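Just below is one structure, and these are the notes that go with it.
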Amino acid sequence: MELDFFKDIIDQCRGYINIVRFLGLGEPILHPELNKMIQYCRDNGVATRVFTNANTLNQTKGEMLIDTGLDEIQIGFDGTTKKTYEALKRHGNYEQVKQNIEQFLALKRKKGAEKPFTVVKMIYTPQTENEIEDYLTQWSPIADSVEIHPFSGLGGLVNSVDEVADKTYRDELSVRELPCTSLWSQQVVWWNGDVVPCVVDYDGECILGNLKKDTLKEIWNNGPMRKIRREHIKHNFSEIKICAHCLHGARPRITTDKVFRALWSFFMRSYPPGKPSDQFLKKLSRRRK
């Protein structure tokens with residue numbers, strides 16, 4: 001996306017949004033003018049969050065993200081072993097990516113920077129479920145937050161779910177209970193100006209308009225957008241292809257017990273019964289600023 005086009009989008013949103021998330025199927029930190037985009041958001045009172053796989057998170061890019069005042073960075077790193085990581089991230093380099101993350105966190109500490117708030121996160125799959133406790137042990141001491149997220153089949157659009165999700169998960173793909181709040185709180189703009197209702201729509205099944213032809217305000221309230229909201233209110237989720245099997249509002253129950261047990265085991269091992277340690281109290285008091 002060109003910088004001037006990005007600035008025009010922010011100008012349209014001024015006063016209506018509080019955060020811009022740089023994410024999608026691409027890698028945000030590869031954009032040569034990402035620093036200027038972040039700075040323009042800051043100048044307009046808009047917070048920024050970057051999602052990255054850290055493959056290219058070298059020292060130069062790390063310093064840029066810290067020095068420009070990025071508010072938050074979420075780093076996806078799946079697994080605690082080379083075997084697991086490289087099975088899930090084909091053509092990935094476990095050692096290099098791990099080193100990139102560790103160097104970024106060390107650089108942040110060296111600069112004494114509170115921002116960006118750094119989240120290291122892993123996707124829960126059968127391949128990673130036995131590594132949750134080790135993952136927490138590895139990253140909790142140095143990251144601001146460590147998160148375990150449920151696997152998403154991108155609203156049922158991914159055909160290879162069987163490779164990474166077990167039968168219990170697949171059986172629950174059709175379970176949905178509530179309308180998606182994202183329809184009233186966010187929209188996704190692609191590099192070319194196409195607007196879709198959700199980041200799940202990676203293949204453009206529900207293009208609502210294009211910002212090179214319409215304003216964001218017009219698209220936000222246009223017919224297609226209102227139709228999707230109405231179908232959700234009526235619980236007619238199957239009427240929208242990308243929503244029919246989406247798990248927003250219907251997280252898979254299989255993660256609950258297994259992840260909780262790993263979290264509890266980690267907690268009890270790290271902070272034995274008795275008076276909470278100063279380290280734990282410090283973690284509890286952390287807030288995203």
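The values are calculated or read from the model by the stated rules, or taken from the named source; none is laboratory data. All figures in this text were calculated on a predicted structure; none of them were measured in a lab. So basically every Cβ, Gly included, is an ideal-geometry build from the backbone, and we count neighbours across all protein chains shown. Each accessible area value is taken on the protein alone, full model and side chains, heavy atoms only, with ligands, DNA and RNA left out. Shrake-Rupley method; radii C 1.70, N 1.55, O 1.52, S 1.80 Å.
Quick look at the numbers
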{"item": "Normalised contact order of segment 1-68, rounded percent, pairs of Cα under 8 Å and 6 or more residues apart", "result": "38 percent"}
{"item": "Label zone at Asn53, where the point sits 7 Å out along the Cα-to-Cβ direction: segment 185-223 residues whose backbone N lies under 19 Å", "result": "191, 199-204"}
{"item": "Cα→Cβ-extended label distance, 7 Å offset, between Asn221 and Lys111, nm", "result": "4.1 nm"}
{"item": "By accessible area with a 1.4 Å probe, ligands and nucleic acids excluded, highest first: order of Trp220, Trp191", "result": "Trp191, Trp220"}
{"item": "Accessible area in the full protein assembly, largest first, 1.4 Å probe, for Tyr40, Tyr124, Tyr202", "result": "Tyr202, Tyr40, Tyr124"}
{"item": "Per residue convex hull volume, Cα atoms of segment 1-140, in Å³", "result": "118 Å³"}
{"item": "Whole-percent pair-distance distribution, where bins are 5 Å wide, for the alpha carbons of segment 1-72", "result": "3, 16, 30, 27, 16, 6, 2"}
{"item": "Segment 42-91, relative contact order [Cα under 8 Å, separation at least 6], %", "result": "40 percent"}
{"item": "Computed accessible area, Glu147, all protein chains, 1.4 angstrom probe, square angstrom", "result": "40 Å²"}
{"item": "Rg to Rh quotient for segment 37-120, alpha carbon positions, Kirkwood Rh", "result": "1.02"}
{"item": "Computed magnitude of the charge dipole of segment 1-107 (debye, nearest 20; Cβ of K, R +1, Cβ of D, E -1)", "result": "380 debye"}
{"item": "Computed accessible area, Glu133, all protein chains, 1.4 angstrom probe, square angstrom", "result": "50 Å²"}
{"item": "Heavy atoms of His245 accessible to a 1.4 Å probe, total area in Å² rounded to 10", "result": "80 Å²"}
{"item": "Added length on full extension, which subtracts the Cα-Cα distance from 0.36 nm per residue, Leu3 to Thr181", "result": "61.1 nm"}
